[in-house]
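Structure record follows, encoded as structure tokens.
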Amino acid sequence: MIQTTHNATKLSLPQLPLAITLQDGVSFENYFSGLNLEAAQAVESCLQIKSERFIYLWGGSSVGKTHLLQSACRVVSEQDNPCAYLTLKQANELSPEIFDGLEALSLVCIDDVHAIAGQKQWEIALFHLYNRARANNTLLIVSGDESPGHLLLALPDLSSRLAWGLIFQLHPLSDTDKFSALQLRARRRGFNMPDEVGRFLLSRYPRDTAGLFSILDRLDHASLAAKRRMTIPFVKMVLDQEKKEI
């Protein structure tokens, strides 16, 4: 899937598949960096200083790669500059031609590059995009689950392209950081999450940040709809009801 800003339609780009929207509320302001502060600062800085044109982020799931890529797109889009966010998780539903013309944008963010490892046509297309982006001085931010040298790519030259510029490994948040991240997320949504609710969520539910944030968002909607304070009994009631409806 690909997300482009409205300005991108003014460029000579290929017909794009159905666009997706950026995740609700994703921004640098609500990214809790933990051990990933240097990476977050580098991504945010490259949008302002425009010095480094290539950044590669890698790490396992739920470490914040997508959050940083989409935050970058949000900033550029709000500046009324053309950009695109593309995830390769569903590359089998797309064509490598999706990369054609993207170098004309101000920013291109490509998520989950590991999904095309070993698919030579995709790798060749991305290799050429890197070359065109360099010629056009286009900012390109790419993420994967491994470092460039460990992606099992069929095209060695693509590994060298992915290694252009800055490379950062992103690390999972500690439980203490996850607790702080939940509180930050809650404040950004306009409410205070009681400490006991945060501890309850961390002790009873999956601890990946994406899952925790999704639960928090659903609880916020339920709390507003029911006009109820967010207490442990209310949280248990909402989540137990969700289980019954599955």
Could you give the size of the charge dipole of the chain about its Cα centre, using +1 on the Cβ of each K and R and -1 on the Cβ of each D and E, expressed in debye and rounded to the nearest 20?
660
Specify which labelled value, from (1) 20; (2) 24; (3) 32, agrees with percent of Cα pairs over 30 Å apart derived from the coordinates of the model shown.
(3)
Under the 0.36 nm per residue contour assumption, what length would be gained going from the current alpha-carbon distance of ARG229 and ASP80 to full extension?
49.8 nm
Which whole DSSP H helices in the chain pass both tests: a Cα extent of 15 Å or more along the axis and a mean Kyte-Doolittle value no lower than 0.5?
37-49, 209-226
Computed over the chain, the relative contact order (Cα-Cα under 8 Å, seq sep at least six) in percent reads 22
How are the Cα pair distances of the range 175-245 distributed, in percent, across 10 Å bins from 0?
20, 61, 19, 0
Pull up all non-local amide H partners of GLY118: gap of 5 or more, or a different chain, and H-to-H distance under 5 Å with H placed in the peptide plane.
ALA154, LEU155
Once normalised by the length of the range 92-161, the mean sequence separation of its alpha carbon contacts under 8 Å that are 6 or more apart gives a contact order in percent of 41
Long-range amide H partners of ILE167 with built H, under 5 Å:
TYR56
The number of Lys pairs in the chain whose alpha carbons lie under 19 Å apart, excluding pairs fewer than 8 residues apart on one chain, is 5
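Each reported figure results from applying straightforward, stated rules to the coordinates on display, with no laboratory input. Small disclaimer: the values here were computed from a predicted structure and weren't measured. Glycine gets a Cβ as well: all are built from the backbone with ideal geometry, and neighbour counts include every protein chain shown.
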